[in-house]
Structures are given as structure tokens and as C-alpha cells.
């Protein structure tokens, strides 16, 4: 078994956990990014879709219109490392919807995977400009609107890589570690304004990136079942979690069901990390 997904079996009506919310989601792309958009729309939120590639944003917006026609999806092609672009996106959100209830920080750019001794720190800087500084700049621009609205919810999509180090990934892990600390500090600072800040720590997720990894391994002569078994051997559930199911965890933390949860770091990885 590779992945189990319950997402398509969830009720389409009834108690929607994000009903009438307005959510900005950065990092819309194949895999988790688009599944975040679908999860939030399914659960009743209007969504602002943020990424650099307009065609991908339009594709996701069209799918939302097809499945949940009552929901609005605003596409905002944006390079989040550019503060002027993110400010225009925030302004467009306020102009369209009048408020911002949720922010999901999912955008990232990993540096090349190399051993630390071979690292090019110019590559690290380019990664940090998006993963860290772009994310925090966007968060800073959103916070005043959440204060005006009387509160809000911010979720940082993080990675278990900083808890389970892998050789060649020090640059990526360091950038995600910076966001972990930032999220804790923001939770402390913004709590008085009823703004919750939480993080999810993702592991292996079955979607286009991991599927591509498995297919590449098979193309080199490795056995598909053996590759999957190697990935899942340390995951107690015995599966590679599905992108869509991981997106559900983010939706939960963003929702009012988690109204007393802030500063949390939720492992969403089938039990591979239990800290």
C-alpha cells in the first residue's frame, strides 16, 4: 500500500470548518500546494492563490470553480521575495474580500542538495529570500489586517527535515529551522491580538514530487516495491501519506476547531517523527 486518502470521502456539506473565511495560500503548485487550495475551498473558505506561475494558479482556480462553484478564488501571480508584489497581493485581497482570516505559508525554494562543505551560500541566500524572508515579509504585511479584523490564523507549512537530518539537505533544513523559531516568536507576540500561529511538520507525501522520485528510482533499475518499502519502513502507519490528507491537517489548524491552539508544531508524517 502506498497511500491512503479519505479526502474524496469527506462530506461536501454540513459543518464546514472554514465556512465564510478568507484565506491566502502561498506556494500553489503541484502536490501539497494545490491540495491546500482544494481543502480550504471544500471546507468553505474563499481563497487567494499565490505563486509565480499564472497558468498553474488559473488551473487550480478553474478546478475550485468546477467543484465548489459557491467559492471565490482570486489568483495573484506573485514572487513572494518581492515585497512590492506581496503588498499588491495583500491590497488586492482586501479590495476583493475586505478582510484576511487565514494565511498559509507554503511557498519555498530549496537550495541545491549538496554536502555542507560543497555548499554555495549564494544559493542558500536565494533560497532564504523566498523560504524565510519572503514568507516573513508576507506575514508582516498580513498581520495588521488580522488585527483590524479582531484576530486570525497563520499556519507555517514546515518539514520534518530539521528534526530528522539528511545529508546534503543542510541548506533546506536551516531555512525551515528559521521559520520554526519565527513561528514560535510570532505566536507569543500576536496572541494578545487573537492571532494564532502554528506549524505543521510534513514528511514524505505521495504526490507529484515523491511520485517522480519513485519513478526515477525505478528508471535506474530499482524495484518499485523496494523503493516504497525503504521510504515507509520508519513510518508506523506503513504508508506514504497523501498530499490531500496532509492538507487537511493544515485546514484544521487554520480553523476555529483549533481556536485554543497556538505555538503548536504538529507532526503530519504518519508517525515517522514522534517528538
* Structure fact -> Counted residues in the stretch 174-184 being touching a helix residue (DSSP H, G or I) at 6+ places or on another chain (Cβ under 7 Å) and more than 17 Å from residue 129 (Cβ to Cβ) come to 1
* Asked: If a residue has to be closer than 18 Å to residue 21 by Cα and more than 18 Å from the chain's Cα centre (by Cα) to count, how many in the stretch 229-255 make the cut?
  -> 0
* Selection within the stretch 114-126 - touching a residue at least 12 places away in the same chain (Cβ under 8 Å) and not in a loop (DSSP other than H, G, I, E, B) -> 116, 123, 124, 126
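Conditions tested, residue by residue: (1) surrounded by fewer than 19 Cβ atoms within 10 Å (Cβ to Cβ); (2) at positive phi; (3) assigned by TED's automatic domain parsing to the domain that holds residue 138.
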site: 26; (1), (2), (3): no, no, yes
site: 31; (1), (2), (3): no, yes, yes
site: 34; (1), (2), (3): no, no, yes
site: 40; (1), (2), (3): no, no, yes
site: 45; (1), (2), (3): no, no, yes
site: 55; (1), (2), (3): yes, no, yes
site: 60; (1), (2), (3): no, no, yes
site: 66; (1), (2), (3): yes, no, yes
* Asked: Just a yes or no: is a residue in the stretch 249-271 more than 16 Å from residue 200 (Cα to Cα), in contact (Cβ under 8 Å) with a residue 40 or more places away in the chain, out of contact with any strand residue (DSSP E or B) (no Cβ under 9 Å at 6 or more places or on another chain) and not in a helix (DSSP H, G or I)?
  -> no
* Output yes when any residue across the stretch 196-216 is touching a helix residue (DSSP H, G or I) at 6+ places or on another chain (Cβ under 9 Å), without any contact (Cβ under 8 Å) to a residue 12 or more places away in the chain and farther than 26 Å from residue 124 by Cα, and no when none is. => yes
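Restricting to the stretch 145-179, count the residues that are in a helix (DSSP H, G or I), over 19 Å from the mean Cα position of the chain (by Cα) and modelled with pLDDT under 95.
Qualifying residue count, the stretch 145-179: 1.
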* Structure fact -> Picked from the stretch 219-246 (must be in contact with a strand residue (DSSP E or B) (Cβ under 9 Å, 6 or more places away or on another chain) and assigned to a helix (DSSP H, G or I)), the residue surrounded by the fewest Cβ atoms within 10 Å (Cβ to Cβ) is 245
* Of all residues in the stretch 217-241, how many are touching a residue at least 24 places away in the same chain (Cβ under 8 Å) and in contact with a helix residue (DSSP H, G or I) (Cβ under 7 Å, 6 or more places away or on another chain)? -> 4
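The values are calculated or read from the model by the stated rules, or taken from the named source; none is laboratory data. Fair warning: this is a prediction, and the values are worked out from it, not measured in the lab. Neighbour counts are summed over all protein chains in view; Cβ atoms, including those assigned to glycine, are modelled from backbone coordinates with ideal geometry.
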